[in-house]
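Working notes, structure below.
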Amino acid sequence: MIETYPIVDGKPFPTLFWLTCVRASKAIGALVAAGHLRRLSERLLEDEEFAAAYAAADRDYVARRDALYRLDDGGGIGGGPADRVKCLHANYAHHLVCECNPVGAWTAEQIGDVHRPPPCVS
């Protein structure tokens, strides 16, 4: 995972944490393909505790990004709105940084230990 600056080639880039692990990216892609973005967004509407934790994670993400460069209209995690899940990859990467993101934690539980030897790249 890498941290990116919020401006790339002179344009706003709201994705602060970029997932680089090939195994994690592939496993998370399978979750997205299975429809979990929609299911997690629905959970935000149904589960007040989960929604409150996600809102706090979104504020943490924006604060970290704003500490580097304030984007007036950069959105939240992965550039998305705080009331739905836009990108599991960005949520998981944020979870690796702060362990405060419930969507990232859920994703970590689903994909298991992808950060094991041998390394993804040599």
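The values are calculated or read from the model by the stated rules, or taken from the named source; none is laboratory data. Nothing here was measured: the structure is a model prediction, and the numbers come from that model. In this analysis, Cβ positions are derived from the backbone assuming ideal geometry, glycine residues included, and neighbour counts consider all displayed protein chains. Surface accessibility is based on the protein's heavy atoms, side chains included, excluding ligands, DNA and RNA. Shrake-Rupley method; radii C 1.70, N 1.55, O 1.52, S 1.80 Å.
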Only one of (1) open to solvent by less than 40 Å² (accessible area, probe 1.4 Å); (2) within 9 Å of the chain's Cα centre (by Cα) fails for TRP18. Which number is that?
(1)
Looking only at region 62-78, count how many residues are buried (at least 19 other Cβ atoms within 10 Å of the Cβ) and either within 14 Å of TRP18 (Cβ to Cβ) or touching a Ser or Thr at 6+ places or on another chain (Cβ under 6 Å) (or both).
3
Residues of region 59-89 being farther than 12 Å from LEU37 by Cβ and part of a loop (DSSP other than H, G, I, E, B), in sequence order, are TYR69, ARG70, LEU71, ASP72, ASP73, GLY74, GLY75, GLY76, PRO81, ALA82, ASP83
Filter region 28-54 for residues that are part of a helix (DSSP H, G or I), surrounded by fewer than 19 Cβ atoms within 10 Å (Cβ to Cβ) and not charged (D, E, K, R) and give the result.
GLY29, ALA30, VAL32, ALA33, SER41, LEU45, PHE50, ALA51, ALA52, ALA53
Taking PRO81, is it surrounded by fewer than 14 Cβ atoms within 10 Å (Cβ to Cβ) and either out of contact with any Gly (no Cβ under 8 Å at 6 or more places or on another chain) or touching a residue at least 60 places away in the same chain (Cβ under 8 Å) (or both)?
no
